[in-house]
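Each reported figure results from applying straightforward, stated rules to the coordinates on display, with no laboratory input. Bear in mind that the values here come from a model prediction, so they are computed numbers and not experimental data. Every residue, glycine among them, receives a Cβ derived from its backbone with ideal geometry; neighbour counts consider all protein chains shown.
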Amino acid sequence: MSYDIEIIRHSLAHVMAAAVKKLHPDVKFAGGPAIENGFYYDFDTEYRFSEEDFAKIEREMRDLIKSNGRFEQRNVSIDEAKEIFADQPYKMEWLNEYDAAGEALSIYSFRDFVDLCRGPHVESSKDLPRDAFKIRSVAGAYWKGDAKNKMLQRIYVDAFATREELDNFLKMQEEAAARDNRKLGKDMDLFHFEPEYAPGSVFWHDKGYKIYRRLIEYVRQRQELAGYQEISTPAVMDRCLWERSGHWAKYGEHNYSGKTQDGKVFCIKPMSCPGGMLVFGHGLRSYKDLPLYMAEFGKVHRYEAAGGLSGLMRVREFTQDDAHIFCTEEQLEEEVVKILRFIKDIYGKFGFDKITMKLATRKESEFRIGSDEIWDKAEGALKHALESNGIEFEIAEGDAAFYGPKIDNYLRDSMGRVWQCGTVQLDMNLPERFDLSYVGEDGEKHRPIMLHRAMLGSIERFMGILLESTGGNLPLWLSPEPVVVTPISEKHAEYANEVVNALRAVGVNVRADLRDEKVNYKIRELSLAKTPIIAVVGEKEAADKMVTLRRLGVEKQESMPLDKFVEMMKDAVKLPL
């Protein structure tokens with residue numbers, strides 16, 4: 001009998017818990033679900049797990065699987081469950097909080113391990129693979145995710161249905177490690193971090209900042225061609241603004257704030273939305289102004305726990321390509337579709353052509369603002385826009401923003417990983433809170449509908465995704481140094497500079513590598529730094545006004561007349577508008 005991979009992973013989690021119990025009888029169990037690519041389980045024990053324990057646990061798991069133990073389910077009352085788990089404090093805490101009014105609870109037994117579990121599981125361990133799992137790591141995890149609670153030990157395991165699938169996954173993980181944005185940032189001399197002085201904030205080096213600026217320049221030009229205005233709002237604003245918008249109640253603990261001498265509390269901008277509201281509300285707006293496209297490259301700051309920081313992918317200071325589109329209800333559908341097509345076209349220019357869209361709907365939360373009537377209308381409007389235009393999408397229940405539903409765009413990179421980047425969020429609540437209005441054709445005031453829009457999302461995070469997807473082999477128009485010219489010896493330095501000047505004259509970022517090193521050494525170093533094109537020049541090239549080109553990832557060299565090369569590079573570095 002074949003089983004769904006989620007059932008296999010969940011069953012293996014019980015097998016691992018049983019293995020840990022056999023090796024460490026005093027262990028206390030918290031819980032462990034199946035997750036993407038595997039599962040984890042949280043344990044409480046005085047023993048500190050390390051990589052040296054992984055092989056022992058895996059061997060014990062294989063022995064348990066070979067034993068053909070059955071997964072047996074039965075329903076018990078709360079009183080029975082409390083007897084069974086009397087020596088398991090985390091299970092007891094859950095049982096003490098559980099109010100089922102006499103409802104039976106499901107437990108599963110595997111060998112001498114018992115757990116509270118709804119299942120389902122495989123019938124017997126013989127249905128589980130013996131060689132398609134591997135312990136990945138152990139990390140700290142607070143009980144219930146609350147830092148006030150005890151720190152447990154979480155063991156992560158990669159698990160698949162077959163050994164081949166596991167091997168393919170591990171190979172991809174090795175490739176991902178080689179492409180990690182932090183490693184590439186060092187190899188390519190793009191950026192670094194200073195955890196002691198500014199954790200989660202990027203120190204851009206010249207080449208990295210060139211890529212950062214180029215990304216913004218590209219989005220800026222595309223927006224200007226599409227009729228967007230660009231604004232800039234203050235980096236520090238009064239806390240009352242964030243209270244008015246609802247962001248303080250939702251994200252207050254993640255804001256950087258401080259009190260000034262006059263007793264006011266100011267926040268470093270955690271998002272750009274409220275500032276955009278104030279710009280729209282300054283002055284009289286007419287229906288003739290709508291739709292109004294208002295963009296801002298806002299540098300924002302949000303506190304993230306130190307353990308969650310991860311290179312460019314998760315930082316505390318980042319830049320959003322934010323925009324707010326103010327429109328009428330009649331214009332809404334057209335604007336939503338226009339934005340989604342805009343985002344898809346932008347992604348295509350970076351080589352991302354596999355896009356998935358998810359409609360994120362409301363969740364019941366104390367922070368959610370707006371009536372159910374408004375939410376019904378907003379969710380219905382986005383769903384209708386997608387369906388009536390034949391756009392495929394999935395539903396993401398409970399993933400909406402606190403002020404409205406949204407359509408999130410997920411892109412797939414060259415290694416098959418999925419990233420959530422661009423978003424379109426329908427907001428009927430903030431225009432109400434900021435009392436925004438426009439004068440309609442009837443001469444009366446009307447409330448605009450607002451769309452929050454981000455295409456790349458965070459510039460830093462998108463750059464990290466792009467670096468890892470390309471392995472640092474960026475398109476020429478985005479590369480900080482698309483060409484480096486290196487002479488074979490110092491005798492050819494004059495011609496190398498001539499080549500550099502010719503390329504600079506047509507807008508190409510280029511330099512000459514005139515170091516007193518052998519040319520092969522320089523080529524190896526430049527290749528490590530992911531230089532797209534190395535133009536080698538020597539006696540023959542200088543005499544014939546040629547260049548010999550070595551392209552990144554291509555073994556064969558090619559020779560080309562200098563004037564033809566300059567013309568080719570002039571076109572290659574243009575923004576793909």
Per-residue ³J(HN,Hα) for region 370-380, Karplus 6.51 cos²θ - 1.76 cosθ + 1.60, θ = phi - 60°, Hz, x for Gly and Pro | x, 7, 4, 4, 5, 5, 4, 5, 5, 5, x
As straight-line cross-link partners of Lys66, the qualifying aspartates and glutamates (C-alpha separation under 19 Å, not fewer than 8 residues apart within one chain) are Glu58, Asp112, Glu123, Asp127, Asp131
Label-point separation, Ala226 to Met151 (7 Å along Cα→Cβ), nm = 4.5
All lysines inside 23 Å of Lys344 as judged from Cα atoms, apart from same-chain residues fewer than 8 positions distant = Lys354, Lys358, Lys383, Lys406, Lys574
Enumerate the calculated ³J(HN,Hα) couplings along region 123-137 in order (Karplus 6.51 cos²θ - 1.76 cosθ + 1.60, θ = phi - 60°), each rounded to whole Hz, writing x wherever the residue is Gly or Pro.
-> 5, 9, 4, 5, 7, 9, x, 8, 10, 10, 9, 8, 5, 8, 6
Ala401's amide H: which non-local residues (gap 5+, or another chain) put their own amide H closer than 5 Å, with H modeled 1.01 Å from N in plane and none for Pro or chain starts?
-> Lys406
Cleavage-rule hits, chymotrypsin sites (Phe, Trp or Tyr not before Pro), region 5-103, DSSP coil, Cβ neighbours within 10 Å at most 14 = Tyr47, Tyr98
Where a Cα-Cα gap under 24 Å defines reach, which lysines qualify for Lys445, not counting those fewer than 8 residues away within the same chain?
-> Lys288, Lys377
Find how many whole Å separate the alpha carbon centroid of region 536-577 from the alpha carbon centroid of region 1-64.
-> 56
Relative contact order %, region 5-173, counting alpha carbon pairs below 8 Å whose residues are six or more apart | 28
Would you mind computing, in nm to one decimal, how far apart the modelled labels at Arg511 and Ala306 are, each placed 7 Å from Cα along Cα→Cβ?
-> 3.4
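I'd like to know how region 5-173 sits against the 2.2 N^0.38 Å rule of thumb: what's its Cα Rg over that expected value?
Normalised Rg, Cα atoms only: 1.02.
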Ordering of 475-486, 117-128 by packing [mean C-beta count within 10 Å, highest first] = 475-486, 117-128
In sequence order, calculated HN-Hα J values of region 15-27 (Karplus, 6.51, -1.76, 1.60; Hz; x Gly/Pro) | 5, 5, 4, 5, 5, 5, 4, 5, 7, 9, x, 8, 5
Can you tell me how much longer the chain between Phe393 and Glu175 gets when fully stretched, taken as 0.36 nm per residue apart minus their C-alpha distance, in nm with one decimal?
-> 75.5 nm
What distance in nm separates the simple spin-label points at Tyr251 and Lys186, each placed 7 Å from Cα in the Cβ direction?
-> 3.1
Which residues' amide hydrogens lie under 5 Å from the amide hydrogen of Tyr303, considering only partners 5 or more residues apart or on another chain, with H built in the peptide plane?
-> Asn255, Tyr256
Can you work out the FRET efficiency for the pair Thr162 and Ser437, with r the C-beta to C-beta distance and R0 = 56 Å, to the nearest 0.05?
-> 0.35
Using r as the Cβ-Cβ distance of Asp289 and Val418, and R0 as 41 Å, what FRET efficiency do you calculate, to the nearest 0.05?
-> 0.60
Enter the Cα centre distance for the pair region 219-245 and region 140-206, rounded to the nearest angstrom.
-> 32
Over 30 Å between C-alpha atoms is what I'm after, so list which of Lys22/Lys144; Lys207/Lys518; Lys134/Lys207 land there.
-> Lys134/Lys207
Please say if the chain is rounded, prolate or oblate, where rounded means a/c under 1.5 for a ≥ b ≥ c the square roots of the C-alpha gyration tensor eigenvalues, and otherwise the choice is prolate for a/b larger than b/c and oblate otherwise?
-> oblate
Would you please put 146-153, 453-460, 305-312 in order of how densely packed they are, using the mean number of other Cβ atoms within 10 angstrom per residue and starting with the highest?
-> 453-460, 305-312, 146-153
